[in-house]
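See below for the structure under consideration.
FYI, it's all coordinate maths here, none of it is from the lab. Predicted model only: the values in this text are computed from it and were never measured. With ideal geometry, Cβ positions are generated from the backbone for all residues, glycine too; neighbour counts draw on all protein chains shown.
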Amino acid sequence: MKAGAHDYIIKGNLKRLNPAVERELREAELRHERRLDKKKLIETSELLENIFSNIHILIAYMDTEFNFIRVNPLYALTDGRDPKFFVGKNHFELYPNKENEEIFRQVVATGESYFTYAKPFQYTEHQERGVTYWDWSLQPVMDNEENVHGLVLSLIDVTEKVKLQSEAMQSAHLASLGELAAGVAHEINNPLNGIINYAQILVNKMDKESRESEIARRIIKEGDRIANIVKSLLSFARKRTEEKSIYNISGILHDALLLTEAQILRDGIKLKVNMPEDLPEIFANSQQIQQVFLNVINNSRYALNQKYNEPDEDKILEISGSETVIDGQRHVRVIFHDKGSGIPAGVVDKVINPFFSTKPSGKGTGLGLSISHGIIEDHGGNLKIESVEGEFTEITIALPEAALRSGR
């Protein structure tokens, strides 16, 4: 610049110096602005990259033929792969689904976004996860001429939310059942008390050795049995609490069997129970443990009925109790063993997953064993399943004795 200014002065062109200086200043300002713009662009790019890599949402960017261009780390991690694995691969070759493919094509054709909530999905290569549920959106990426040239798929795992909603619905149903049971119990207990009292009058007036006296005593016995069933139903169906207390596990099982024994016998199932009366007490929420027992018993009934359409000498449900020591601590163990249809070897480890069920659609929610497993864990115990398809299923529930859980 100095040499140029000297030339202008020497040559008498001083008047032309000002425009040259102004032009040079403008170019310097433009260079500075470009440097700032580039810096801002780099900072923005780094910010977006940081968000893309760390956001707790699964994100995939793909072309209009549904080939992956890029996925964020969480997307890849959820599938147990590296992000680079997806690049260039087709979404529907990895996750075949005609319904979803039609949705993708509709978004490309119309340029309109798509949203859905709690959509069920099952990984082909990860069957052990069972069914998971996802909120997902599909957003078209438009060019300057409003043509779709890419898609962004965003996924949020809401499996736990769906599970909690299902449990809440189940609790609401149980609350309604409790109200209904209370009303029914009142209507049953009044005439039942009359029947038992009249039968007792007959027993008192008749010869103790007479046939009539024996019949009257049977009426009293069966009446008491009905009263106990109604009492157990009320206990199970009334509003749930989280309080725990000390219970005899044999008594909890007895109450559960009162509610199901009639169905077991009607199905032609032989029930064998061996629960020693001197088992240690447990510190528990009796309603929750009863719920676990009922679920296991009902699963055994289903498996036995699947294998045997009619009564059979092997159509047996055995329930036994014993003491055991786990990690140096005394526990009470209850074993449910049935010779039913069993569980396929490939899914034994999956049956406690939420929404995973071996039953046909409409026959089970896939929540029973999952909820039961959670209840037993909450009580400091464990639930284990052993099964051979076509031969048997054995479910072992171990709960710490009362002194360990209550801190006595």
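Okay, here's what the table says:
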| quantity | calculated |
| --- | --- |
| In sequence order, calculated HN-Hα J values of segment 88-95 (Karplus, 6.51, -1.76, 1.60; Hz; x Gly/Pro) | x, 8, 8, 4, 8, 7, 7, 10 |
| Value of Rg to Rh for segment 56-157 (Rh from inverse mean 1/r over Cα pairs, i.e. Kirkwood) | 0.95 |
| Theoretical gain in end-to-end length, F92 to Y117 [0.36 nm per residue, Cα-Cα removed] | 7.0 nm |
| Net charge over other residues, Cβ less than 10 angstrom from the Cβ of S341 (K, R count +1; D, E count -1) | -1 |
| Residues I55, I196, sorted so that the one with the fewest Cβ neighbours within 10 Å comes first | I55, I196 |
| Mean Cβ count within 10 Å, highest first, over the residues of peptides 282-294, 86-98 | 282-294, 86-98 |
| FRET efficiency estimate (nearest 0.05) - Cβ-Cβ, E386 to R81, R0 41 angstrom | 0.80 |
| Phi-based couplings in Hz for segment 372-378 (Karplus 6.51, -1.76, 1.60; Gly and Pro marked x) | 4, 4, x, 5, 5, 4, 4 |
| Exposure proxy order (Cβ contacts within 10 Å, fewest to most) of L258, L30 | L30, L258 |
| q = 0.20, 0.21 Å⁻¹, segment 293-333: log10 I(q)/I(0) [Debye, one scatterer per Cα] | -0.70, -0.73 |
| Net lengthening on full extension, H56/I201 (0.36 nm per residue, minus Cα-Cα) | 44.9 nm |
| Phi to ³J(HN,Hα) by Karplus 6.51 cos²θ - 1.76 cosθ + 1.60 over segment 109-118, Hz, x for Gly, Pro | 6, 9, x, 9, 5, 10, 10, 8, 10, 6 |
| At R0 = 25 Å, FRET efficiency that the Cβ-Cβ distance of N193 and I215 yields, to 0.05 | 0.85 |
| Around D267: net Lys/Arg minus Asp/Glu count, Cβ-Cβ under 14 Å | +1 |
